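K.L.:
Pasting in a structure now, in structure tokens, and then I'll have a few things to ask.
The values are calculated or read from the model by the stated rules, or taken from the named source; none is laboratory data. These figures come from a predicted structure and were not determined experimentally. Backbone-built Cβ (ideal geometry, glycine too); neighbour counts: all protein chains shown.
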Amino acid sequence: MKKEPFVTLEQVKEIAAQYPTPFYVYDEKGIRENVKALKEAFSWNKGYKEFFAVKATPNPYLVNILQEYGCGCDCSSMTELMFAKAVNCQPGDVMFSSNDTPDVEFKYCDEIGGIINLDDITHIDHVEKTLGKIPKTISCRYNPGGVFTIANNIMDNPGDAKYGMTTEQIFEAFRILKEKGAEEFGIHAFLVSNTITNEYYPMLAKLMFELAVKLQQETGAHIKFVNLSGGIGIPYRPTDTPNDIKIIGEGVRKAFEEVLVPAGMGDVAIYTELGRYMMGPYGAVVTQAIHEKHIHKEYIGVDACAVNLMRPAMYGAYHHITVLGKEDAECDHKYDVTGSLCENNDKFAIDRMLPKIDMGDYLVIHDAGAHGYAMGYNYNGKLKCAEILLKEDGSYQLIRRAETPADYFRTFDCFPIYEKLIQK
Ligand SMILES: *Cc1c(COP(=O)(O)O)cnc(C)c1O
């Protein structure tokens with residue numbers, strides 16, 4: 001599938017005149033169409049709810065858009081919980097799928113009406129001591145162990161993952177929680193990330209529904225929801241086949257009707273905690289070519305670096321690149337596209353065939369809308385860039401300003417050196 005940017009050269013020029021590159025741009029229209037399709041795909045399930053994984057794209061203005069469609073927030077830290085409260089999440093709108101959790105975070109989650117999703121059986125005591133009770137609604141994260149294999153060789157290794165409880169533990173946890181006063185239960189599992197197959201969710205759903213039936217039958221606990229968490233992927237490469245959310249929703253429905261309905265559990269709600277799928281394709285890094293270098297290889301130096309988008313440097317992840325204005329030009333030049341960090345892995349692309357790049361060209365780095373800006377860091381004293389929302393009507397709005405040196409030095413602001421640091 002040909003990957004086309006959602007911004008034009010004209011729009012980028014207009015934005016760049018006001019907010020210098022690099023910057024993130026997000027596609028409001030794409031975000032809205034996608035969340036509508038997701039809701040539609042699961043509309044057969046009465047209690048269906050998406051809790052957007054805040055860690056993927058923690059921008060309140062973007063999360064506000066998802067909230068218009070009834071989405072909640074999936075959080076895993078104190079600041080993410082604070083974020084959820086600030087965007088006006090109501091009781092039941094927050095899923096706290098944390099791990100290695102400090103007690104104070106359980107407490108705060110409960111205060112704002114969030115649902116605690118216990119990563120471990122030993123956390124029951126922490127929650128009880130800290131809250132002075134066990135919440136009425138509670139969830140447990142499951143880890144089936146072993147290897148989870150989906151068709152066409154996609155697999156992951158839950159047996160090696162730090163998350164969740166074993167089968168034995170989750171039954172024990174349910175018994176203990178019920179005895180201590182829990183009334184409504186959820187189960188959760190996240191087994192494979194970035195799946196580009198329509199089969200992951202239906203397979204996971206079947207496994208979880210079968211577990212739910214056994215748990216309800218053997219412990220008498222009432223299961224209110226099954227949380228399929230994140231993991232639906234996006235086509236980063238032009239050769240990837242995009243997922244079809246309609247088929248995924250129908251696959252989950254089939255498992256629901258085969259397993260839960262006959263067990264008298266047709267009232268179970270499906271929850272999801274998608275991150276990448278909700279935002280990934282609808283965010284891009286826009287950066288300008290500022291240097292070309294001809295040594296043992298051909299290099300194009302851009303004004304963004306791994307601080308703005310870490311995935312290529314960290315995982316060797318592929319992000320498609322379009323040279324704006326040269327969409328239809330032949331890709332007959334082989335480049336490494338680099339940032340300026342003193343780190344040789346600071347490359348957005350290696351040996352990538354692209355059109356001839358001239359200095360000043362704008363490059364769009366695709367599919368950076370999730371786990372992009374959020375993973376940024378400040379190595380080499382690099383500052384994080386601005387985020388801009390491209391609205392449905394074609395206008396644009398700043399939704400996060402770029403960092404300044406004063407932000408970078410902020411944690412010295414109680415020291416005498418601070419005033420000197422922020423002087424140019
Ligand atoms: C990261 C994460 C998600 C979102 O994952 P995606 O791959 O972005 O869909 C959901 N739930 C939990 C608990 C996570 O850690």
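K.L.:
Among the candidates Tyr408, Tyr418, which residue alone is buried (at least 16 other Cβ atoms within 10 Å of the Cβ), without any contact (Cβ under 8 Å) to a residue 40 or more places away in the chain and not charged (D, E, K, R)?
P.N.:
Tyr408
K.L.:
Those residues that are more than 18 Å from Ala349 (Cβ to Cβ) and either of a type in the set (Val, Ile, Thr) or without any contact (Cβ under 8 Å) to a residue 24 or more places away in the chain (or both), I need them from region 251-293; list them, please.
P.N.:
Val252, Glu257, Val259, Val261, Pro262, Gly264, Gly266, Val268, Ile270, Thr272
K.L.:
Sticking with this one: Step by step: first the residues of region 323-345, then only those that are buried (at least 20 other Cβ atoms within 10 Å of the Cβ) and either part of a loop (DSSP other than H, G, I, E, B) or hydroxyl-bearing (Ser, Thr, Tyr) (or both), then the one that is farthest from the ligand (Cβ to nearest atom). Which residue is that?
P.N.:
Among them, the one singled out is Tyr335.
K.L.:
Name the residue that is nearest to His123 (Cα to Cα), counting only residues in region 155-198 that are hydroxyl-bearing (Ser, Thr, Tyr) and over 21 Å from the mean Cα position of the chain (by Cα).
P.N.:
Quick first cut of region 155-198, residues hydroxyl-bearing (Ser, Thr, Tyr) only: 163, 166-167, 193, 195, 197.
Filter once more, so that each one left must be over 21 Å from the mean Cα position of the chain (by Cα): 166-167.
On the way: Thr166: 14, Thr167: 16 Å.
Checked region 155-198; the qualifying residue nearest to His123 (Cα to Cα) is Thr166.
K.L.:
Looking at region 286-293, can you tell me whether even one residue there is of a type in the set (D, E, K, R), away from the ligand (no atom under 16 Å from the Cβ) and assigned by TED's automatic domain parsing to the domain that holds Asp346?
P.N.:
Among the residues of region 286-293, at least one is of a type in the set (D, E, K, R), away from the ligand (no atom under 16 Å from the Cβ) and assigned by TED's automatic domain parsing to the domain that holds Asp346, which makes the answer yes.
K.L.:
For region 36-56, give me each residue that is surrounded by fewer than 24 Cβ atoms within 10 Å (Cβ to Cβ) and of a type in the set (Val, Ile, Thr).
P.N.:
Residues satisfying the conditions do not exist here.
K.L.:
Taking the condition surrounded by fewer than 20 Cβ atoms within 10 Å (Cβ to Cβ), assigned to a loop (DSSP other than H, G, I, E, B) and touching a residue at least 24 places away in the same chain (Cβ under 8 Å), does Tyr61 pass?
P.N.:
It is false that Tyr61 is surrounded by fewer than 20 Cβ atoms within 10 Å (Cβ to Cβ), assigned to a loop (DSSP other than H, G, I, E, B) and touching a residue at least 24 places away in the same chain (Cβ under 8 Å).
K.L.:
Can you tell me how many residues within region 251-286 are assigned to a helix (DSSP H, G or I) and either at pLDDT below 95 or surrounded by fewer than 16 Cβ atoms within 10 Å (Cβ to Cβ) (or both)? Please lay out each step first, then the result.
P.N.:
Step one: filter region 251-286 for residues assigned to a helix (DSSP H, G or I), giving 251-260, 276-282.
With either at pLDDT below 95 or surrounded by fewer than 16 Cβ atoms within 10 Å (Cβ to Cβ) (or both) added as a condition, the list becomes 254, 257-258.
Of the residues in that region, 3 qualify.
K.L.:
For Asn227, only one of the following conditions fails: (1) away from the ligand (no atom under 14 Å from the Cβ); (2) buried (at least 20 other Cβ atoms within 10 Å of the Cβ). What is its number?
P.N.:
Condition (1) is where Asn227 drops out.
K.L.:
May I pose another question? Kindly check whether there is at least one residue in region 373-389 that is free of Cβ contacts under 8 Å to residues at least 24 places away in the same chain and either of a type in the set (D, E, K, R) or away from the ligand (no atom under 16 Å from the Cβ) (or both).
P.N.:
Checked against the condition, which is being free of Cβ contacts under 8 Å to residues at least 24 places away in the same chain and either of a type in the set (D, E, K, R) or away from the ligand (no atom under 16 Å from the Cβ) (or both), region 373-389 yields no hits at all.
K.L.:
Any idea which residue in region 177-193 is nearest to the ligand (Cβ to nearest atom), counting only those that are crowded, with 19+ Cβ neighbours inside 10 Å and not aliphatic (A, V, I, L, M)?
P.N.:
Phe190
K.L.:
Still on this structure, please answer the following. List the residue pairs whose Cβ atoms are under 8 Å apart, where the first residue sits in region 313-336 and is without any contact (Cβ under 8 Å) to a residue 40 or more places away in the chain, the second is of a type in the set (Gly, Ala, Ser), and the two are 6 or more positions apart or on different chains.
P.N.:
Within 8 Å, the pairs are Ala313/Ala306; Tyr335/Ala349; Asp336/Ala349.
K.L.:
Looking only at residues that are touching a helix residue (DSSP H, G or I) at 6+ places or on another chain (Cβ under 8 Å) and either at pLDDT below 95 or among the polar types (S, T, N, Q) (or both) in region 52-75, which one is nearest to the ligand (Cβ to nearest atom)?
P.N.:
Applying the filter and picking the extreme gives Thr57.
K.L.:
Cβ-Cβ under 7 Å, sequence separation 6+ or interchain: first residue in region 1-12 and touching a residue at least 24 places away in the same chain (Cβ under 8 Å) and basic (Lys, Arg), partner part of a loop (DSSP other than H, G, I, E, B) and exposed (fewer than 14 other Cβ atoms within 10 Å of the Cβ). Which pairs?
P.N.:
Lys2/Pro238; Lys3/Pro238
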